[in-house]
Amino acid sequence: MFVVGNGVLLEDISERVDASDAVLRFNEPKASIGMSGTKTTWLFVCNTGKPMKRRLDNPSYPTSPIVQAAELVILLSHPIVVKKYFPKESLWARIKGRRDEWTWASINMFGAAGKMAAILPLTDYEAGCRELGLEPSELAPRRIFPSTGYFGIRYALEQCPADEWDVEI
């Protein structure tokens, strides 16, 4: 299994990535385009905040090679997670069009692109936080939120246990 992050690569690993059994990517893997192949088993996407709004407003995002190659798009933040644990948008932010989460818009965008989308269950989010020593109810007051990459890697390692798979990051 290959975990391909969003950073710049120093060498072309496309052949190795595309030949692997499973590939995990995150959000907008644009820095490695052309150097990391296109195979994508799981694309983990943060469906909250300004970055998701930017993806939704970008007509080339759902047609990008990585999104099109994805076997499954997994949205990080279940709406219940957002409601229970994320800071609430101010009235002024809502008037300006900001939203806590973009779950339905994301599902619609990925569905229109022919992609199957799933949402990480609330229980997986809570368990992942606790594995990091974070109580989910303390996230908003502390303004600490585990990354899309963390949850994606956690998910992939559950699907492809390291004692059974070669895992390269």
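The values are calculated or read from the model by the stated rules, or taken from the named source; none is laboratory data. Small disclaimer: the values here were computed from a predicted structure and weren't measured. With ideal geometry, Cβ positions are generated from the backbone for all residues, glycine too; neighbour counts draw on all protein chains shown. Each accessible area value is taken on the protein alone, full model and side chains, heavy atoms only, with ligands, DNA and RNA left out. Shrake-Rupley method; radii C 1.70, N 1.55, O 1.52, S 1.80 Å.
In summary, VAL82 fulfils each of the numbered conditions (1) modelled with pLDDT under 85; (2) closer than 30 Å to ALA22 by Cα with the single exception of condition (1). Of the residues making up the stretch 38-77, just one is open to solvent by 50 Å² or more (accessible area, probe 1.4 Å) and within 12 Å of the chain's Cα centre (by Cα), namely PRO51.
For first residues located in the stretch 113-137 and in contact (Cβ under 8 Å) with a residue 12 or more places away in the chain and farther than 14 Å from PRO79 by Cβ, partners that are polar (S, T, N, Q) and surrounded by fewer than 12 Cβ atoms within 10 Å (Cβ to Cβ) and lie 6+ apart or on another chain with Cβ distances below 9 Å form the pairs ALA113/THR63.
Each residue in the stretch 136-150 was checked for being outside any helix (DSSP H, G or I) and at pLDDT 90 or above, and 2 pass. A single entry from VAL4, VAL8 fulfils the requirement of being farther than 13 Å from PHE110 by Cβ, out of contact with any Cys (no Cβ under 9 Å at 6 or more places or on another chain), open to solvent by less than 10 Å² (accessible area, probe 1.4 Å) and not charged (D, E, K, R): VAL4. ILE153 fulfils the conditions (1) in contact with a Leu (Cβ under 8 Å, 6 or more places away or on another chain); (2) part of a helix (DSSP H, G or I); (3) surrounded by fewer than 17 Cβ atoms within 10 Å (Cβ to Cβ) except for a single criterion, (3). The set of residues in the stretch 30-58 that are among the aromatic types (Phe, Trp, Tyr) and on the phi > 0 side of the Ramachandran plot is empty.
One line per residue, one yes/no per condition, for (1) in contact with a Pro (Cβ under 8 Å, 6 or more places away or on another chain); (2) farther than 28 Å from PRO62 by Cα; (3) not hydrophobic (A, V, I, L, M, F, W, C):
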{"residue": "LEU122", "(1), (2), (3)": "no, no, no"}
{"residue": "ARG143", "(1), (2), (3)": "yes, yes, yes"}
{"residue": "SER147", "(1), (2), (3)": "no, no, yes"}
{"residue": "TYR155", "(1), (2), (3)": "no, no, yes"}
{"residue": "CYS160", "(1), (2), (3)": "no, no, no"}
{"residue": "ASP166", "(1), (2), (3)": "no, yes, yes"}
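Within the stretch 117-135, does at least one residue satisfy the condition of being on the phi > 0 side of the Ramachandran plot and either modelled with pLDDT under 90 or not in a loop (DSSP other than H, G, I, E, B) (or both)? No, the stretch 117-135 has no match at all.
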